[in-house]
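What follows is one structure encoded as structure tokens, with my remarks underneath.
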Amino acid sequence: MSNQMPKQRLNERETAHYIGMSTAWLRIARWKGIGPQYYRIGRTIRYDVRDLDAWLELHRVETRI
């Protein structure tokens, strides 16, 4: 049994999978300033899961049935 906390910050590959986009899209989105917030530590890029969830929620489109 593991008492490990869930991972809070994801790398680029994990983030692409989490939001359903490609890593190439993430790179372009960072360059254009249109993607989710991220952390840059040296050359390392990390995305916080809470920021990803908030970004996804901003792009939610409700439809009428």
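The values are calculated or read from the model by the stated rules, or taken from the named source; none is laboratory data. No experiment lies behind these values; they were computed from the predicted model shown. Using ideal geometry, Cβ is built from the backbone for each residue, glycine included, and neighbour counts are taken over all protein chains shown. Keep in mind that these areas ignore ligands, DNA and RNA; they rest on the heavy atoms of the full protein, side chains included. Shrake-Rupley method; radii C 1.70, N 1.55, O 1.52, S 1.80 Å.
A few remarks follow.
Each row is one residue, and each column tells you yes or no for (1) aliphatic (A, V, I, L, M); (2) open to solvent by less than 100 Å² (accessible area, probe 1.4 Å); (3) assigned to a strand (DSSP E or B).
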residue	(1), (2), (3)
ALA16	yes, yes, no
TRP31	no, no, no
ASP51	no, yes, no
GLU57	no, no, no
VAL61	yes, no, no
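- Check on ILE65, more than 10 Å from the chain's Cα centre (by Cα) and among the β-branched types (Val, Ile, Thr): yes
- Restricting segment 33-49 to residues that are exposed (fewer than 13 other Cβ atoms within 10 Å of the Cβ) and outside any loop (DSSP other than H, G, I, E, B), the residue that is nearest to the chain's Cα centre (by Cα): TYR39
- Among residues of segment 43-65 that are more than 12 Å from ILE19 (Cβ to Cβ) and free of Cβ contacts under 8 Å to residues at least 40 places away in the same chain, those with a Cβ under 6 angstrom from a residue that is open to solvent by 80 Å² or more (accessible area, probe 1.4 Å) and not in a helix (DSSP H, G or I), sequence gap 6+ or separate chain, pair up as ILE45/TYR38; ARG46/ARG9; ARG46/TYR39.
- Neighbours by Cβ (under 6 Å, 6+ apart or cross-chain): first from segment 21-41, β-branched (Val, Ile, Thr); second in a helix (DSSP H, G or I) and surrounded by 12 or more Cβ atoms within 10 Å (Cβ to Cβ): THR23/GLU12; THR23/ALA16
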